[in-house]
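Notes for the one structure printed next.
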Amino acid sequence: MFDIGVNLTSSRFAKDYLDILKRARWVGVTGIIIIGTNVHNSNKALSLSQENKNYCWSTAGVHPHYSNKWSEDSYSTLRCLANNPEVVAIGECGLDFHRNFSEPKQQIYVFQSQLELAVELNLPVFLHCRKAHNSFMSILKPFIPKLKGAVLHCFTGTDTELRSCLDENLFIGITGWISDKNRGGELRKIIPLIPYTKLLLETDSPWLLPQDIHPLPLSKRNEPSFLPYILQQVAFLRKEDLMELDTQTTLNAHKFFSI
């Protein structure tokens, strides 16, 4: 198993992140991508990946929520971070019109800037999209032929949105959202549509705790050691062999991130 999305820089992991990594190893998670969501924690994500070489890697980017923090130095700072071998993708970047913590116009500018950086550095992109699919795809499509690769992290969209992503050859990241019988209903129906070679698994921890853990931890905190629950749900819904799916999604992660 390979967890392509962990927010290890979160304050909720600050006191025990080494224990969290140990538990992940114990259950068979063989690698982790630490997500960068702004310049500061992209730097922190890099430091954590350097402390845990050959088990953790990181991304460098600015999440749409933090687009209003983008400055004239952000592009060059991210480029500098991404020149480290532990940084394997640009992102988390994209659009989020659900909450609009940053103005849509600024989100679009920052998203385009990071796509340009990914092309410049020949790195894949780690993408975020919420309630912005049409704008997101119209911005992304011209870059697809030039990008090394693209994964839509934490996919929660519709059948139509999934098909349009697959038409553009995107990889798809699946989280514990799939075990949420209320919010994850549509995702549970369309999960079989994702090609075997385009499927990636992630916890997006400490958020999106799988709801089929019994009993649920009192802290309600998700962590990489819960990735097996996501694997099991995906295998069940796709009617696939658990071990084969484990092997394939791990191979997909290594291929996508070139590790």
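The values are calculated or read from the model by the stated rules, or taken from the named source; none is laboratory data. Remember, it's a predicted structure, so these values are computed and weren't measured experimentally. Methodologically, a virtual Cβ is constructed for each residue, glycine included, from the backbone with ideal geometry; neighbour enumeration extends over all protein chains shown.
Taken over the range 43-76, residues that are closer than 27 Å to residue 132 by Cβ and acidic (Asp, Glu) amount to 2.
Remark: pairs (first residue in the range 239-259, within 10 Å of residue 4 (Cβ to Cβ); second residue crowded, with 20+ Cβ neighbours inside 10 Å and among the β-branched types (Val, Ile, Thr); Cβ separation under 7 Å; 6+ apart in sequence or on different chains) = 253/4; 256/151; 257/33; 257/88. Filtering 230, 191 for residues that are in contact with a strand residue (DSSP E or B) (Cβ under 9 Å, 6 or more places away or on another chain), modelled with pLDDT of 95 or more and farther than 17 Å from residue 32 by Cα leaves a single hit, 191. Checking the stated criteria, residue 44 turns out to be surrounded by fewer than 22 Cβ atoms within 10 Å (Cβ to Cβ) and either among the hydrophobic types (A, V, I, L, M, F, W, C) or under 16 Å from residue 10 (Cα atoms) (or both). Do you know which residues across the range 16-55 are outside any helix (DSSP H, G or I) and either modelled with pLDDT under 95 or within 17 Å of the chain's Cα centre (by Cα) (or both)? Within the range 16-55, 29, 30, 31, 32, 33, 34, 35, 36, 37, 38, 55 qualify. The residues on offer are 98, 128, and the sole one that is surrounded by 15 or more Cβ atoms within 10 Å (Cβ to Cβ) and not polar (S, T, N, Q) is 128. With respect to (1) over 17 Å from the mean Cα position of the chain (by Cα); (2) closer than 18 Å to residue 219 by Cα, the lone exception for residue 9 is condition (1). Can residue 250 be described as of a type in the set (Ser, Thr, Tyr) and not in a helix (DSSP H, G or I)? No: the conditions fail for residue 250. The set of residues in the range 103-156 that are assigned to a loop (DSSP other than H, G, I, E, B), in contact with a strand residue (DSSP E or B) (Cβ under 8 Å, 6 or more places away or on another chain) and within 16 Å of residue 198 (Cβ to Cβ) comprises 124, 147, 149, 153, 154, 155. Entry remark, the range 183-217: residues being touching a helix residue (DSSP H, G or I) at 6+ places or on another chain (Cβ under 6 Å), assigned to a helix (DSSP H, G or I) and among the small types (Gly, Ala, Ser) number 0 in total. Among the residues of the range 170-182, those that are surrounded by 13 or more Cβ atoms within 10 Å (Cβ to Cβ) and assigned to a loop (DSSP other than H, G, I, E, B) comprise 170, 175, 180.
Only residues that are surrounded by fewer than 24 Cβ atoms within 10 Å (Cβ to Cβ) and either of a type outside the set (Ser, Thr, Tyr) or within 16 Å of the chain's Cα centre (by Cα) (or both) were counted across the range 155-169, and they come to 10.
Can you tell me which residues in the range 56-84 are hydroxyl-bearing (Ser, Thr, Tyr), more than 21 Å from residue 97 (Cα to Cα) and part of a helix (DSSP H, G or I)? Within the range 56-84, 74, 75, 76, 77 meet the criteria. Among the residues of this structure, residue 222 counts as one that is modelled with pLDDT of 95 or more, under 15 Å from the mean Cα position of the chain (by Cα) and under 21 Å from residue 185 (Cβ atoms). In summary, residue 33 fulfils each of the numbered conditions (1) surrounded by fewer than 24 Cβ atoms within 10 Å (Cβ to Cβ); (2) closer than 18 Å to residue 223 by Cβ; (3) touching a residue at least 60 places away in the same chain (Cβ under 8 Å) with the single exception of condition (1). Residues in the range 85-102 that are part of a strand (DSSP E or B) and either over 18 Å from the mean Cα position of the chain (by Cα) or more than 16 Å from residue 39 (Cα to Cα) (or both): 95, 96.
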